[in-house]
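First comes the structure, then the notes that go with it.
Every number in this text was worked out from the coordinates using simple rules, so none of it is lab data. Just so it is clear, the structure is predicted and the values come from calculations on it, not from any experiment. Note that we place each Cβ from the backbone using ideal geometry, even for glycine, and neighbour counts take in every protein chain shown.
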Amino acid sequence: MRITSLRGRFLLSILLWVALGIGAIWYSSVRLFTTHVEDQYHEELEVHVRELGGLAELDAQGRPHLTRPLSDPRYAQPLSGFYWQITRPQFGELKSPSMTQGELDDDIAHSPRILHRVENGPTGPTIVYGFLRDAPGGPPIHFVIATDERHLQHIISAFTRELTVWLMLLALALLASGVAIITLGFRPFNRLSAAIDALRKGEQRRIGGTYPDEIQAIVTDLNAYVDRNAEIVERGRVEASSLAHSLRTPLAVVTDEAELLLEAGQGDAARVFLDQSSRMQRQIDYHLARVRSGGSKAGVPPRARLDDVVPPLLDAMRRCHPAKSFSAQYPPGLSVPMDADDLSETLSNLLDNAGKWARAEVWIDASARDGMHRIEVHDDGPGIPHDQRQTVFEIGHSKDLDSIDGESSAAANPGSGLGLSISRAIARDYGGDLTLADATGGGLRAIVSLP
Ligand SMILES: Nc1ncnc2c1ncn2[C@@H]1O[C@H](COP(=O)(O)OP(=O)(O)OP(=O)(O)O)[C@@H](O)[C@H]1O
Ligand SMILES: [Mg+2]
């Protein structure tokens, strides 16, 4: 999928949108949760340090002691990460049972206001809370309570881990639904593209089916355009053939007049008239044949089966050229992407030429390979010299009249030099071509190739 395709662009936008959205949710959730947990933690520690202050008393010697243990049992568990310490300089020091090693800095606060900071404690970095209370007849008492920072970090990282997994799943679900929406949304476009393809190949005359409103408007316009185009082409064909037909009669009159002039002894002028008239006639015949060709028709069935077209042609050729043998060889059921009438016109021109020029045999060989259809018409006649293989395609170029071989059917039945040019023009209408090559053992091989 390329970025220039609409599908690619939508997918990229969804990808960016999901990444940005999920990233923002992840970041803000972690921030909010961390602040919330930290606040709660600090509040709890403050409560604990207050409780510690409330439970401490001085004995008769001025040494601090607790009236009862702290309510949170974690202060009694060795190295639990929850510690307290009461210090009265020169009068002694009290530590929580959990603090079996190390010591807390009692100098954290210098007033009754509770202060906190992060310190190195008995089991790693700790959040320490402390305050100071004046005591009668001596130095003040320092109260310190501490919790390992790792407890807080542990809660935050467990939350972050779980959140990350859930958000990843959410992102995947969002991406999958995005892809599904794009696929569904583009289905009408796929159908439209198939319909336009069928239209182009001539399988359909119009774009059928119902589409979502936005596309239906385009389909309606396209159909109107197709109808209008077909109408213009049809009108052009009718105009061209009526022009050709309307020229026939005046041309026949001119030819008759020229022949009268020739009889009256005005040879030079008459020959110019006759020559030009026959050129006009050839041009008219050529263009009439082109107008009849289905290649320019809209909505023609695209395939012709050789089984339907070739046998009747061979029969007709055997009647026209009774002295020659005609045969064909091709895979059964082979069809070519061409209108049947056009295929018939093309092959009959080639078979007629081959029939005129062959010594004894004409054969058709057809195949479809690598996306290319080839129909070859072979004969065992004299062939066409390489340097003439372009000129024979010119309209009106016929060698028949120059033929000195009086016995050849070409000489007996002179052509007008249109067959090859018409056949090549039809093949090119279908994106193919007509080329000439040597047949095996001499003779000509005319090759119609169609993609
Ligand atoms: N199979 C062939 N063998 C030898 N020469 C050929 C063969 N096919 C065509 N030619 C030469 O090419 C010329 C042009 O052929 P083309 O079919 O265009 O015209 P035509 O056969 O003379 O007239 P038309 O087909 O209009 O009746 C022919 O006059 C002939 O000289
Ligand atoms: Mg011919």
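See the values below:
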{"quantity": "Fraction of beta bridges assigned by DSSP in the chain that are antiparallel (%, nearest 5)", "calculated": "90 percent"}
{"quantity": "Order by protection proxy (mean Cβ within 10 Å, highest first), peptides 92-102, 179-189", "calculated": "92-102, 179-189"}
{"quantity": "Cα centroid of the stretch 260-280 to Cα centroid of the stretch 47-90, whole Å", "calculated": "138 Å"}
{"quantity": "Convex hull projection area averaged over all views, the stretch 213-292, Cα basis, nm²", "calculated": "6.0 nm²"}
{"quantity": "Net charge of neighbours whose Cβ lies under 14 Å from the Cβ of Ile182, counting Lys and Arg as +1 and Asp and Glu as -1", "calculated": "+3"}
{"quantity": "Cα-based convex hull, the stretch 302-450, per residue volume (Å³, whole number)", "calculated": "107 Å³"}
{"quantity": "Mean separation of Cα contacts under 8 Å (6+ apart) over length of the chain, as relative contact order %", "calculated": "9 percent"}
{"quantity": "Karplus-derived HN-Hα couplings along the stretch 371-378 (A = 6.51, B = -1.76, C = 1.60, θ = phi - 60°), whole Hz, x at Gly and Pro", "calculated": "x, 10, 9, 10, 10, 10, 10, 9"}
{"quantity": "The stretch 302-450, dipole about Cα centre (Lys/Arg Cβ +1, Asp/Glu Cβ -1), debye to the nearest 20", "calculated": "160 debye"}
{"quantity": "Listed residues Pro212, Leu172, Phe33: farthest to the positive end of the dipole of the chain (Cβ charges)", "calculated": "Phe33"}
{"quantity": "J(HN,Hα) series, the stretch 189-199, from Karplus relation 6.51 cos²θ - 1.76 cosθ + 1.60, nearest Hz, glycine and proline x", "calculated": "5, 4, 5, 5, 5, 5, 5, 5, 4, 5, 5"}
{"quantity": "Inverse of mean 1/r across different Cα pairs in the chain, Kirkwood, Å", "calculated": "32.3 Å"}
{"quantity": "Electrostatic dipole magnitude of the chain [Cβ: Lys, Arg +1; Asp, Glu -1; Cα centre; debye, to 20]", "calculated": "440 debye"}
{"quantity": "Leading residue at positive end of dipole, the stretch 213-292 (Cβ point charges), from Leu222, Val238, Leu274", "calculated": "Leu274"}
{"quantity": "Nearest 10 degrees, 0 to 90: helix 419-429 Cα axis against the chain principal axis", "calculated": "10 degrees"}
{"quantity": "Positive minus negative residues near Ile127 (Lys, Arg vs Asp, Glu; Cβ under 10 Å)", "calculated": "-3"}
{"quantity": "Charge tally in the Cβ shell below 11 Å around Arg303, where Lys, Arg are +1 and Asp, Glu are -1, Arg303 excluded", "calculated": "-1"}
{"quantity": "Placed amide H near Ala304: partners under 5 Å, 5+ positions off or other chain", "calculated": "Val336, Met338"}
{"quantity": "Angle in degrees between helix 306-320 and the longest Cα principal axis of the chain, rounded to the nearest 10", "calculated": "10 degrees"}
{"quantity": "Residue-by-residue Karplus 3J(HN,Hα) for the stretch 340-350, coefficients 6.51, -1.76, 1.60, Hz, glycine and proline x", "calculated": "4, 5, 5, 4, 4, 4, 4, 5, 5, 4, 5"}
{"quantity": "When the convex hull of its Cα atoms is projected in every direction, mean area for the stretch 6-155 (nm²)", "calculated": "11.2 nm²"}
{"quantity": "Check: the stretch 6-155 dipole with +1 on Lys, Arg Cβ and -1 on Asp, Glu Cβ, in debye", "calculated": "680 debye"}
{"quantity": "Leading residue at positive end of dipole, the stretch 6-155 (Cβ point charges), from Gln61, Leu104, Trp17", "calculated": "Trp17"}
{"quantity": "Where labels lie 7 Å past Cα in the beta-carbon direction, separation of Asn229 and Ala269 in nm", "calculated": "5.2 nm"}
